[in-house]
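Encoded as structure tokens, here's the structure I'll be asking about.
The values are calculated or read from the model by the stated rules, or taken from the named source; none is laboratory data. Every value quoted in this text rests on a predicted model; they were computed, and no experiment measured them. Cβ sites come from the backbone with ideal geometry, for glycine too, and all protein chains shown count toward neighbours. Ligands, DNA and RNA are stripped out before the accessible areas are found, and what is left, the full protein with its side chains, is counted by its heavy atoms. Shrake-Rupley method; radii C 1.70, N 1.55, O 1.52, S 1.80 Å.
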Amino acid sequence: MAATRADLLEIRHHDDRISRYEEVTYCAWVGGVTVYRNGTQIARHDDVLGAQALRRAHVSRA
């Protein structure tokens, strides 16, 4: 699977915990997600109800 970039990744677990990661890439799979930073795996969750990736707004100052 291809990794997807996220400025902020929020993962909701079966027990209602929420894990948050900043400036990562991730690969979602059925029931789980693997999180990477700079090409190195930093987390693997297999109890995922949902994941939401957010990007920060980029403001251009003229």
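Within 8 Å of the chain's Cα centre (by Cα) and open to solvent by less than 100 Å² (accessible area, probe 1.4 Å): is that true of Val48 in this structure? Step through it out loud before you land on a result.
Working: within 8 Å of the chain's Cα centre (by Cα): no; open to solvent by less than 100 Å² (accessible area, probe 1.4 Å): yes.
Considered against the rule, which asks whether it is within 8 Å of the chain's Cα centre (by Cα) and open to solvent by less than 100 Å² (accessible area, probe 1.4 Å), Val48 comes out as no.
Counting only residues that are open to solvent by 100 Å² or more (accessible area, probe 1.4 Å) and not aliphatic (A, V, I, L, M), which one in region 1-16 is nearest to the chain's Cα centre (by Cα)?
Ranking the qualifying residues of region 1-16, first place goes to Arg5.
With respect to Ala57, determine if the residue is modelled with pLDDT under 90 and either in a strand (DSSP E or B) or open to solvent by less than 100 Å² (accessible area, probe 1.4 Å) (or both). Don't jump to the end; show me each part of the working.
Values: modelled with pLDDT under 90: yes; either in a strand (DSSP E or B) or open to solvent by less than 100 Å² (accessible area, probe 1.4 Å) (or both): yes.
The answer is yes for Ala57.
How many residues does region 17-36 hold that are among the charged types (D, E, K, R) and either assigned to a loop (DSSP other than H, G, I, E, B) or surrounded by 14 or more Cβ atoms within 10 Å (Cβ to Cβ) (or both)?
So the first thing to find is which residues in region 17-36 are among the charged types (D, E, K, R), and the list is 17, 20, 22-23.
Narrowing further to those that are either assigned to a loop (DSSP other than H, G, I, E, B) or surrounded by 14 or more Cβ atoms within 10 Å (Cβ to Cβ) (or both): 17.
Residues in region 17-36 being among the charged types (D, E, K, R) and either assigned to a loop (DSSP other than H, G, I, E, B) or surrounded by 14 or more Cβ atoms within 10 Å (Cβ to Cβ) (or both): 1 in total.
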